[in-house]
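Notes follow once the structure below has been shown.
The values are calculated or read from the model by the stated rules, or taken from the named source; none is laboratory data. Computed from a prediction, not measured in an experiment: that's the story for all the values here. Here Cβ is always computed from backbone atoms with ideal geometry, including for glycine, and neighbour counts include all displayed protein chains. Heads up: the accessible areas ignore ligands, DNA and RNA and are worked out on the full protein's heavy atoms, side chains in. Shrake-Rupley method; radii C 1.70, N 1.55, O 1.52, S 1.80 Å.
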Amino acid sequence: MATTAKPLRIDIPVANDERKFPQGFFWGVATSSYQVEGAWNEDVKGLSIWDTYTHKPGNIKNNDNGDVANDHYHRYKEDVALMKNDLGANAYRFSIAWPRIFPNGTGEPNAKGLDFYNRLVDELKAAGIEPFATLYHWDLPQTLQDKGGWQNRDIAKAFADYSGYMAEKLGDRVKYFFTINEFRSFVEGGYQGLNVQVGGGKIVHLGGAPGLQLSNGELNQVRHNAVLGHGLAVQAIRSRGSADAKVGFAENMLIAVPVIETPEYVKAAEKATRELNADFITVLLEGRYTDAYLKKTGKDAPKFTDDDLKIIASPLDFVGINVYKPNIYVEPSNDAQGYRSVPINASHPKMQASWHVFDPECIYWAPHHVRSLWGAKSIFITENGCSASDVVSPDGRVYDSDRVMFLRAYLTQLQRATADGVPVKGYFLWSAQDNFEWSDGYSNRFGIVYIDFKTQKRIPKLSASFFRETVRRNAVA
Ligand code: FCB
């Protein structure tokens, strides 16, 4: 029998080209004002609740604070250059410190505070990086906290005035605005304490400024005032910003993952996601509190009017979701609820942060649910990333192999969503740099650029190369 000679080497196509993202995809990195800026009392800035909270011993690991942080307030030029050259990012999501603009929360604006964001935005535009501004990433002016903070309904109006002012001042260059970052985190973390299930029945308790412990009824009212503040801010941005301003929120939606990918399980996961988020995303996008939410909260339900609901659901241009972890695993059930939550196993894999349950599927399902439940036409992943035990090696480099693993796994699932037609328009990696990680202080490094907090030296990590290559190919690298 004649044999045909077989080549010894088999050419396996490189998979990367097959994992492409849509054209025009935004590849961004994200930070927030309190976590990176420092300059806590410069240029007439007012105190924020995070200044007050971190200056009280015992609130933060190692009693760290954001007084200096990454000194980004003074080093923003170097940081923008890093984003452009070392990360290859084409978008940057930053937040504005409200007390820099209105040191007392309302009243006279502070020209020096505004000037910083003008300079930052100009620097970004010159580098070809699209600015995405978040108006509230938790650093409330202390003077407003002294008037009750988000417990006081008037704060919603003050937030709208400040948001409208920023849209007016930056609107010629900033086209994308996020009102509020993570309603759930700052409301629950700051006003009662946030409990996160991490597997095996274990619960991680997270706190934050202003460090209050309200009753459930009071907390539900804070939730309501926050979504109302968002709605009023959307209207203020529309009326005072430029005509082509685009606005949405950035919420850490609670994500239900179907245990098995059949239509029944997926339906059950959608039902669960809608109910789990009844207090934030659901009311923001539907303009109503679900019956189950009102029943569950009973006498503790928030007080609201029909007019409030209309404001809260002011039409948006996109939905922003921060995606880190699955919240529950779900299977269908025959009861009225229609789903059953499956416990997360004690041995379930985790990333370094205490709360960080690992499952790349959640970044497939989160935007998928947003589209199928609420018909969103434009979705941004406003945060995704992980912390790792990064150290500088003797050769001067930082080898965060676990972060590269994490990013590749999550981006593969995100690419799967876009390939299915889920309208995800961009992805922001948390974070552009290591920074002040709230109650964990500087002990939890989320950056793809390492910061030596003693010298302020910046060192791009292995994951920075991975990210840069992903952006270059517009495909999972
Ligand atoms: C999110 C916050 C962000 C950062 C990451 C790790 O909840 O929005 O500021 O702390 O977690």
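Quick look at the numbers
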{"read-out": "Hits in the range 1-48 - residues which are modelled with pLDDT of 65 or more, open to solvent by 10 Å² or more (accessible area, probe 1.4 Å) and outside any loop (DSSP other than H, G, I, E, B)", "value": "Glu18, Arg19, Lys20, Phe26, Tyr34"}
{"read-out": "Output for the range 59-78, where each listed residue is surrounded by fewer than 21 Cβ atoms within 10 Å (Cβ to Cβ) and farther than 26 Å from Gly211 by Cα", "value": "His74, Arg75, Tyr76, Lys77, Glu78"}
{"read-out": "Some residue of the range 330-344 being in contact with a helix residue (DSSP H, G or I) (Cβ under 8 Å, 6 or more places away or on another chain), within 16 Å of the ligand (Cβ to nearest atom), in contact (Cβ under 8 Å) with a residue 12 or more places away in the chain and open to solvent by less than 60 Å² (accessible area, probe 1.4 Å)", "value": "no"}
{"read-out": "Any hit, the range 110-126, residues being within 25 Å of Val247 (Cα to Cα), crowded, with 22+ Cβ neighbours inside 10 Å and among the β-branched types (Val, Ile, Thr)", "value": "no"}
{"read-out": "Spans of helices (runs of 4 or more DSSP H) in the range 94-162 with at least 1 residues among the acidic types (Asp, Glu) and more than 16 Å from the ligand (Cβ to nearest atom)", "value": "111-126"}
{"read-out": "Odd one out for Arg408 among (1) out of contact with any helix residue (DSSP H, G or I) (no Cβ under 6 Å at 6 or more places or on another chain); (2) within 14 Å of the ligand (Cβ to nearest atom)", "value": "(2)"}
{"read-out": "Test: residue in the range 459-477 that is under 16 Å from Tyr324 (Cα atoms), part of a helix (DSSP H, G or I) and open to solvent by 20 Å² or more (accessible area, probe 1.4 Å)", "value": "no"}
{"read-out": "Pairs with Cβ under 7 Å, 6+ apart, first in the range 378-404 and small (Gly, Ala, Ser) and surrounded by fewer than 20 Cβ atoms within 10 Å (Cβ to Cβ), second at pLDDT 95 or above and not in a loop (DSSP other than H, G, I, E, B)", "value": "Ser378/Lys425; Ser401/Leu462"}
{"read-out": "Of the criteria (1) open to solvent by 10 Å² or more (accessible area, probe 1.4 Å); (2) closer than 30 Å to Leu373 by Cβ, which one Asp440 fails", "value": "(2)"}
{"read-out": "Among residues of the range 89-140, those that are among the hydrophobic types (A, V, I, L, M, F, W, C) and out of contact with any helix residue (DSSP H, G or I) (no Cβ under 8 Å at 6 or more places or on another chain), counted", "value": "4"}
